[in-house]
Amino acid sequence: MEELKILQKTYDMIKYGNQSLLQFPRAERYALAAEIKQSMYRILRLIIQANKQRSKRALQIEIDTELEVLRTFIRLAADKQTAYLPLRKYEIWSKQLNEIGKMLGGWMKATK
């Protein structure tokens, strides 16, 4: 089932993200890092809800929107001026998000 795969990928992304957030400066742990964590957990929560409901379309759109918000937060953390996130970790995290996005796109097509 596609839902279970996307749930596992999201779970793995959250584990990786939490490890990456540990190296943020203390001041940013309570600002940008907290926003990133909240966004990751919201995506996980929405995937679980969408998997349980009959009409999945509205929740899938919410997941897609939240994925874009998370991508923007991570891009902001890896920006040269802030550089809270090393380029290598940014690449890995971005690939994970892209993979989740592709899986979500397939799930959305399947439920149309």
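The values are calculated or read from the model by the stated rules, or taken from the named source; none is laboratory data. Quantities reported herein were computed from a predicted structural model and do not represent experimental measurements. Here the Cβ positions follow ideal geometry from the backbone for every residue, glycine too, while neighbour counts run over all protein chains shown. Protein only, heavy atoms only, side chains kept; ligands, DNA and RNA dropped before computing areas. Shrake-Rupley method; radii C 1.70, N 1.55, O 1.52, S 1.80 Å.
Numbers for the structure displayed
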read-out	value
Residue in the stretch 46-60 that is farthest from residue 102 (Cα to Cα), counting only those that are more than 13 Å from the chain's Cα centre (by Cα), free of Cβ contacts under 8 Å to residues at least 40 places away in the same chain and assigned to a helix (DSSP H, G or I)	52
In the stretch 1-31, residue least open to solvent (accessible area, probe 1.4 Å) [restricted to those that are aromatic (Phe, Trp, Tyr) and assigned to a helix (DSSP H, G or I)]	16
Residues of the stretch 38-71 classified as under 24 Å from residue 21 (Cα atoms) and of a type in the set (Gly, Ala, Ser), total	1
Check on residue 50, buried (at least 18 other Cβ atoms within 10 Å of the Cβ) and under 30 Å from residue 110 (Cβ atoms)	yes
Residue 43 more than 19 Å from residue 105 (Cβ to Cβ), part of a helix (DSSP H, G or I) and in contact with a helix residue (DSSP H, G or I) (Cβ under 9 Å, 6 or more places away or on another chain)	no
Exclusive hit being open to solvent by 80 Å² or more (accessible area, probe 1.4 Å) and under 18 Å from residue 10 (Cβ atoms), set 68, 62	68
Residue match in the stretch 86-94 (condition: within 17 Å of residue 23 (Cβ to Cβ) and in a loop (DSSP other than H, G, I, E, B))	yes
Any hit, the stretch 80-87, residues being closer than 15 Å to residue 37 by Cα and open to solvent by less than 60 Å² (accessible area, probe 1.4 Å)	yes
